[in-house]
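Read the structure below first, then the notes.
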Amino acid sequence: MFPLQINPEAALKEAVEFNRKLLNGIHSVAAIEEVEIGLTPKEEVYREDDVVLYHYVPVKKRPFKIPVLIVYALVNRPYMVDVEEGRSMIQNLLDQGLDVYLVDWGYPDRWEKYLTLDDYINGYMDNCVDVLRERHGVDAINLAGICQGGTFSLCYTALHPEKVKNLITMVTPVDFHVKDGLLNIWSQPMDVDLMVDAFGNIPGDFMNFGFLMLKPWQLMAQKYMGIVDVLESEGNLLSFLRMEKWVFDSPDQAGEAYRQFLKDFYQGNKLIKGEVEIGGKRVDLQNIKMPVFNVYGTTDHLVPPSSSVNLEKFVGSKDVTTVPVPGGHIGIYVSTRAQRELAPKLAVWVKERG
């Protein structure tokens, strides 16, 4: 063992600097009245129960004629794609001339524990798609699903291929039995029936704690140890608080939909087997014959690349574009590089297949 060497002068200097940053940080925090997220102008165009369909105000006089409908996961809130000015996929897509809509699933009430995947996919999603088809006078729209919303979009497109012009999937789990994702492994032995029967709706805080435990050091300790360096800058502090607001804004999960999703997808891996049934119909990915744009994060720990990269093996389309984006599950939407590259590439792809 080597004796611990401490330089008193350096230690004192570090302590003084720490306290200076902390004091400046207190002033920064005190100056913040409210943390706002999702500031891109939008309007509500359809509402059903807790589900709201938003239309983002186009920034081009003549946006692309076929609209894009973004479907987010039931877990967490969809404003991750519009977290702040300068780090907004929505803004970037609008700047590229696309006409963008988004489904906000809302916060399920206690009675909504009986909602099934059929209700979400053949009910709410289908109704939102029909609203866009009628508003724009088109037979089919561009459908963009994110994470679980991407899995929903795969199911929807397989069941209603005539209503989807182009399909976009982002960080979307497809093969749920890959071995390099803790979420996939942890889900296998779970007693889902006991959880749903006990909780009704699965609490959002319970879900969020499980996600944090996937990387406890990085997500629960490391980021807070360095918060003093963030506090000193009001801009950096606001960005940090916006991310924290999103992380801990976790809606409850409708019990029956959660039961089916965990059992059929995570435990049974039925999607790639062609064994998922929704609304009495089998989900056959071979029905997806339209162009597909599949995005995955190269360091995604929630949906590992191996879970989504092989989508082209399971769909019937001959036009599948697979796009790796450096970053994790959330980083691909908020990192500088992703903001610069992903939205333009996606917009060009959509317009070429318009």
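The values are calculated or read from the model by the stated rules, or taken from the named source; none is laboratory data. Since we're looking at a predicted model, the values are computed, not measured. When we count neighbours, we look across all protein chains shown, and the Cβ atoms used for this are built from the backbone with ideal geometry, even at glycine.
If the condition is being surrounded by fewer than 23 Cβ atoms within 10 Å (Cβ to Cβ) and closer than 20 Å to L167 by Cβ, then the stretch 82-91 contributes no residue at all. Selection of the stretch 241-271 for residues being outside any helix (DSSP H, G or I), touching a residue at least 60 places away in the same chain (Cβ under 8 Å) and farther than 18 Å from L285 by Cβ yields D249, S250, P251, D252, Q253, A254.
Inside the stretch 55-107, residues that are aliphatic (A, V, I, L, M) and part of a loop (DSSP other than H, G, I, E, B) make up a count of 7. Among the criteria (1) modelled with pLDDT under 95; (2) in contact with a strand residue (DSSP E or B) (Cβ under 6 Å, 6 or more places away or on another chain); (3) not hydrophobic (A, V, I, L, M, F, W, C), the one Y107 does not fulfil is (2).
On the given criteria, is Y120 in contact with a Phe, Trp or Tyr (Cβ under 9 Å, 6 or more places away or on another chain), assigned by TED's automatic domain parsing to the domain that holds D300 and not charged (D, E, K, R)?
Yes; evaluated as a whole, the condition is true for this residue.
The condition of being among the charged types (D, E, K, R), surrounded by fewer than 19 Cβ atoms within 10 Å (Cβ to Cβ) and free of Cβ contacts under 8 Å to residues at least 24 places away in the same chain does not hold for E48. If you filter the stretch 54-71 down to residues that are of a type outside the set (A, V, I, L, M, F, W, C) and without any contact (Cβ under 8 Å) to a residue 40 or more places away in the chain, you find that the one that is surrounded by the fewest Cβ atoms within 10 Å (Cβ to Cβ) is K61. Of all the listed residues (N184, N122), the sole one being touching a residue at least 24 places away in the same chain (Cβ under 8 Å), surrounded by 20 or more Cβ atoms within 10 Å (Cβ to Cβ) and outside any strand (DSSP E or B) is N184.
Here I332 fulfils each of the conditions (1) part of a helix (DSSP H, G or I); (2) over 19 Å from the mean Cα position of the chain (by Cα) apart from (2).
Residues that are in a loop (DSSP other than H, G, I, E, B), in contact with a Phe, Trp or Tyr (Cβ under 8 Å, 6 or more places away or on another chain) and surrounded by 19 or more Cβ atoms within 10 Å (Cβ to Cβ) are absent from the stretch 312-321 altogether.
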